[in-house]
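**Student:** Supplied in structure tokens, the structure appears directly below.
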Amino acid sequence: MMLSSARVRALLALGMVLGTGAVGTMAAWTDTATATSGAFSTGTINLQLNNAEGNPTAYAFTALTKANMSPGQSIAAMLPVQNKGSVAFTYTANTTSTTSTLAPYLKVSTYSGGGAANASNVGTCSGTSIIANTSLVNGGTSANIIGTRSLPATSGVDDICFLVTLDAAAPTTVQGTTVTVTFNFTATSV
């Protein structure tokens, strides 16, 4: 009797193995899907001054010039700073002066959103004061004269009024001297 019971058990075990194999080999339905992204592209930063590139050739800001200045006199001029690129940016500006003993006696002030007027050797800027009375550096670069400003993409414009004043305390030793100033603008994407 043991023999037949061992055979029965062996047959039952074989049936379980075969039964499991049959279940495992049954056909199953499957499906797949894919997704393709849209295009990735880069934006552009294009800082312009009064609709001019200003790079590699500097924009000629000739409205900001004055000959025969005396202590206390000033000149004002507007300069539109524009974003013609496809991404928003922030920008700053500083000045670089040629070597001249006159440089430290010239003070630069900047205003936003107003206008410039010049009458009787006195220039004025309207609008909101940004930075006042930044001295030029003899043969060097001055501190930021604009702060950090923001411009939206494509058509952002920031009308900046520059006011340059010869210090009322300028000494007689700077008589007959000249200085040339370069305004350096730097834009950074946000």
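The values are calculated or read from the model by the stated rules, or taken from the named source; none is laboratory data. Being a predicted model, the structure only gives us computed values, none of them experimental. FYI the Cβ positions are ideal-geometry reconstructions off the backbone, even for glycines, and counts take in every protein chain you see. Calculation scope for accessible area: heavy atoms of the full protein, side chains included, ligands and nucleic acids excluded. Shrake-Rupley method; radii C 1.70, N 1.55, O 1.52, S 1.80 Å.
**Student:** Determine if the stretch 157-172 includes at least one residue that is of a type in the set (S, T, N, Q) and open to solvent by 60 Å² or more (accessible area, probe 1.4 Å). Please lay out each step first, then the result.
**Tutor:** Of all residues in the stretch 157-172, those of a type in the set (S, T, N, Q) come to 165, 172.
This time we only want the ones that are open to solvent by 60 Å² or more (accessible area, probe 1.4 Å), so: 172.
Yes, the stretch 157-172 contains at least one residue that is of a type in the set (S, T, N, Q) and open to solvent by 60 Å² or more (accessible area, probe 1.4 Å).
**Student:** Sticking with this one: Of all the residues that make up the stretch 118-130, how many are of a type in the set (A, V, I, L, M, F, W, C) and loosely packed, with under 12 Cβ neighbours inside 10 Å?
**Tutor:** In the first step, residues of the stretch 118-130 are kept if they are of a type in the set (A, V, I, L, M, F, W, C); the result is 119, 122, 125, 130.
Filter once more, so that each one left must be loosely packed, with under 12 Cβ neighbours inside 10 Å: 119.
Residues meeting the conditions: 1.
**Student:** Do any strands (runs of 3 or more DSSP E) lying entirely in the stretch 127-175 carry at least 1 residues that are under 14 Å from the mean Cα position of the chain (by Cα), and which ones are they? Even if it seems obvious, please write down each step before you answer.
**Tutor:** Values: elements: 128-135, 149-151, 156-166.
The strands (runs of 3 or more DSSP E) meeting that bar are 149-151, 156-166.
**Student:** Sticking with this one: Give just the number: which of (1) in contact (Cβ under 8 Å) with a residue 24 or more places away in the chain; (2) surrounded by 15 or more Cβ atoms within 10 Å (Cβ to Cβ); (3) over 30 Å from residue 43 (Cα atoms) does residue 133 not satisfy?
**Tutor:** Failed condition: (2).
**Student:** How many residues are outside any loop (DSSP other than H, G, I, E, B) and either among the aromatic types (Phe, Trp, Tyr) or touching a helix residue (DSSP H, G or I) at 6+ places or on another chain (Cβ under 6 Å) (or both) if we restrict to the stretch 176-190? Don't jump to the end; show me each part of the working.
**Tutor:** To start, the set of residues in the stretch 176-190 that are outside any loop (DSSP other than H, G, I, E, B) comprises 181-189.
Filter once more, keeping what is either among the aromatic types (Phe, Trp, Tyr) or touching a helix residue (DSSP H, G or I) at 6+ places or on another chain (Cβ under 6 Å) (or both): 183, 185.
Adding up the residues that qualify gives 2.
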